[in-house]
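To start, the structure under review is shown below, and the notes come after it.
The values are calculated or read from the model by the stated rules, or taken from the named source; none is laboratory data. For clarity, every value in this text was computed on a predicted model and none was experimentally measured. Cβ placement follows ideal geometry from the backbone for every residue including glycine, while neighbour counts extend to all protein chains displayed.
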């Protein structure tokens with residue numbers, strides 16, 4: 001199902017699928033895990049050349065899109081990354097670029113370096129022991145003469161162990177604020193954390209009296225709050241699209257298995273009970289694709305509708321994708337729960353995407369708040 005994609009978008013999808021199959025096959029994903037996980041920096045530069053980093057950046061800053069619908073094109077990439085259980089900082093880098101691009105030409109050099117893949121950027125949003133909180137960060141930015149000092153600890157920073165620069169969400173003298181901080185700045189300590197996903201690392205980043213100049217500030221107060229919300233919607237949307245892609249591949253593999261496997265002289269696919277289970281899984285999968293695509297294309301229209309659709313996509317797919325993949329594992333029988341089989345890789349990806357950038361429960365609360373504000 002192409003979900004009304006244009007011919008250019010379908011070609012773009014095919015190109016990216018072939019790139020991922022060629023450069024990071026499942027054997028490559030397992031090899032990355034054996035080597036400690038993460039991603040190859042040279043590989044990320046090649047991905048950037050395909051336009052992975054360009055979608056949310058205006059043309060005057062070096063970016064551009066395939067179809068003129070940036071989030072729709074980016075969702076296509078995320079879906080293919082989910083299918084391949086691919087490495088790379090696509091989601092977190094996209095969130096950072098969304099924030100920097102909102103500042104116009106202030107960060108042209110930084111954006112150019114990220115666009116080329118030479119610089120890896122990570123969004124430092126979450127905090128240790130705390131749930132999702134977009135504008136009430138415990139990390140603080142305080143005045144220090146003509147500059148500032150940044151103090152706090154950020155947790156679950158996606159690709160933080162390989163990042164060159166962080167976009168840090170904090171609380172400043174005037175409220176929410178974001179600042180750009182080089183990973184090698186004095187006072188920054190990065191500790192890699194084990195992640196459930198084979199090739200997606202997270203990190204804890206401690207900022208201890210880090211000196212910040214005023215030109216590193218990316219929005220303050222209400223401007224920062226708006227930018228943070230946009231970044232969050234971008235990250236949540238991409239996580240939802242990635243879950244849908246991973247689930248699609250798990251379903252495809254299971255359907256093939258049911259046709260290939262025989263018991264008592266019959267294909268497993270011939271048993272009515274298994275047909276019904278896979279029919280349900282396929283129905284839920286199509287719903288995941290539909291709501292994911294609707295959320296992606298909504299970015300070009302009404303911001304309020306986008307907030308609701310992104311929340312609906314992340315909450316629905318976050319709830320359904322793990323259930324579908326778990327059922328696919330069960331339908332494989334004993335082989336499905338072995339280390340050697342690839343099915344657990346898809347489960348790892350959807351479980352991590354479910355947790356990051358808003359759980360289903362958190363997004364349902366956000367939707368409730370949106371509806372309450374609309375009624376008021």
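Checked against the criterion of being closer than 22 Å to residue 299 by Cβ and part of a loop (DSSP other than H, G, I, E, B), the range 14-26 has no qualifying residue. For residue 357, the stated conditions hold: it is surrounded by 19 or more Cβ atoms within 10 Å (Cβ to Cβ) and at positive phi. Residues of the range 275-306 that are over 15 Å from residue 5 (Cα atoms), assigned to a helix (DSSP H, G or I) and in contact with a helix residue (DSSP H, G or I) (Cβ under 6 Å, 6 or more places away or on another chain): 281, 284, 285, 288, 305, 306.
So that you can scan it fast, the table gives a plain yes or no per residue for (1) farther than 30 Å from residue 30 by Cβ; (2) more than 24 Å from the chain's Cα centre (by Cα); (3) touching a residue at least 40 places away in the same chain (Cβ under 8 Å); (4) not in a helix (DSSP H, G or I):
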{"position": "142", "(1), (2), (3), (4)": "yes, yes, no, yes"}
{"position": "154", "(1), (2), (3), (4)": "no, no, yes, yes"}
{"position": "179", "(1), (2), (3), (4)": "yes, no, no, yes"}
{"position": "184", "(1), (2), (3), (4)": "yes, yes, no, yes"}
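Can residue 27 be described as under 20 Å from residue 200 (Cβ atoms) and free of Cβ contacts under 8 Å to residues at least 24 places away in the same chain? The answer is yes for residue 27. Within the range 188-231, being under 20 Å from the mean Cα position of the chain (by Cα), at pLDDT 95 or above and part of a strand (DSSP E or B) holds for 203, 204, 205.
Which one of 57, 29 is within 21 Å of residue 110 (Cβ to Cβ), in contact with a helix residue (DSSP H, G or I) (Cβ under 7 Å, 6 or more places away or on another chain) and not assigned by TED's automatic domain parsing to the domain that holds residue 283? Show your work before the answer.
Values: 29 fails: within 21 Å of residue 110 (Cβ to Cβ).
After applying the criteria, what remains is 57.
Can you name the residue in the range 263-274 that is in contact with a helix residue (DSSP H, G or I) (Cβ under 7 Å, 6 or more places away or on another chain) and part of a helix (DSSP H, G or I) and, of all such residues, is nearest to residue 370 (Cα to Cα)? Talk me through it step by step, then tell me what you get.
Initially, the range 263-274 is screened for residues in contact with a helix residue (DSSP H, G or I) (Cβ under 7 Å, 6 or more places away or on another chain), giving 267-269, 274.
Those still in the list that are part of a helix (DSSP H, G or I) too: 268-269, 274.
Numbers: 268: 46, 269: 44, 274: 40 Å.
Here the residue is 274.
Determine whether the range 119-132 contains at least one residue that is modelled with pLDDT under 95 and either out of contact with any strand residue (DSSP E or B) (no Cβ under 9 Å at 6 or more places or on another chain) or closer than 19 Å to residue 230 by Cα (or both). Taking every residue of the range 119-132 in turn, at least one turns out to be modelled with pLDDT under 95 and either out of contact with any strand residue (DSSP E or B) (no Cβ under 9 Å at 6 or more places or on another chain) or closer than 19 Å to residue 230 by Cα (or both).
Within the range 324-360, the set of residues being within 20 Å of the chain's Cα centre (by Cα) and free of Cβ contacts under 8 Å to residues at least 24 places away in the same chain comprises 344, 355.
For residue 133, the conditions (1) buried (at least 21 other Cβ atoms within 10 Å of the Cβ); (2) outside any helix (DSSP H, G or I) all hold with the exception of (1). Among the residues of the range 45-54, at least one is closer than 15 Å to residue 79 by Cβ, in contact with a helix residue (DSSP H, G or I) (Cβ under 7 Å, 6 or more places away or on another chain) and surrounded by 16 or more Cβ atoms within 10 Å (Cβ to Cβ).
Out of curiosity, is residue 258 under 17 Å from residue 363 (Cα atoms) and either in contact (Cβ under 8 Å) with a residue 60 or more places away in the chain or not in a helix (DSSP H, G or I) (or both)? Working first, answer last.
Details: under 17 Å from residue 363 (Cα atoms): no; either in contact (Cβ under 8 Å) with a residue 60 or more places away in the chain or not in a helix (DSSP H, G or I) (or both): yes.
The answer is no for residue 258.
Report whether or not residue 170 is touching a strand residue (DSSP E or B) at 6+ places or on another chain (Cβ under 6 Å), assigned by TED's automatic domain parsing to the domain that holds residue 212 and not in a strand (DSSP E or B). In short, no.
Look through 296, 319, 287 and report the one residue that is under 26 Å from residue 96 (Cβ atoms), within 20 Å of the chain's Cα centre (by Cα) and surrounded by 14 or more Cβ atoms within 10 Å (Cβ to Cβ).
On the way: 319 fails: under 26 Å from residue 96 (Cβ atoms); 287 fails: under 26 Å from residue 96 (Cβ atoms).
Checking each option against the conditions leaves just 296.
Being at pLDDT 95 or above, under 19 Å from residue 226 (Cβ atoms) and crowded, with 24+ Cβ neighbours inside 10 Å narrows it down to one residue among 78, 95; which is it? Before you say what the answer is, go through the steps one by one.
Numbers: 78 fails: under 19 Å from residue 226 (Cβ atoms).
None of the others qualify; the one that does is 95.
Please state which one of 347, 371 is more than 30 Å from residue 66 (Cβ to Cβ), surrounded by fewer than 18 Cβ atoms within 10 Å (Cβ to Cβ) and outside the structural domain of residue 69 (by TED's automatic domain parsing).
Values: 347 fails: surrounded by fewer than 18 Cβ atoms within 10 Å (Cβ to Cβ).
Only one candidate qualifies: 371.
For the range 134-143, the criterion of being closer than 22 Å to residue 348 by Cα, outside the structural domain of residue 311 (by TED's automatic domain parsing) and in contact with a strand residue (DSSP E or B) (Cβ under 9 Å, 6 or more places away or on another chain) is met by none of the residues.
Could you please let me know if residue 63 is surrounded by fewer than 16 Cβ atoms within 10 Å (Cβ to Cβ), outside the structural domain of residue 340 (by TED's automatic domain parsing) and over 25 Å from residue 348 (Cβ atoms)? Here the answer is no, as residue 63 does not meet what is asked.
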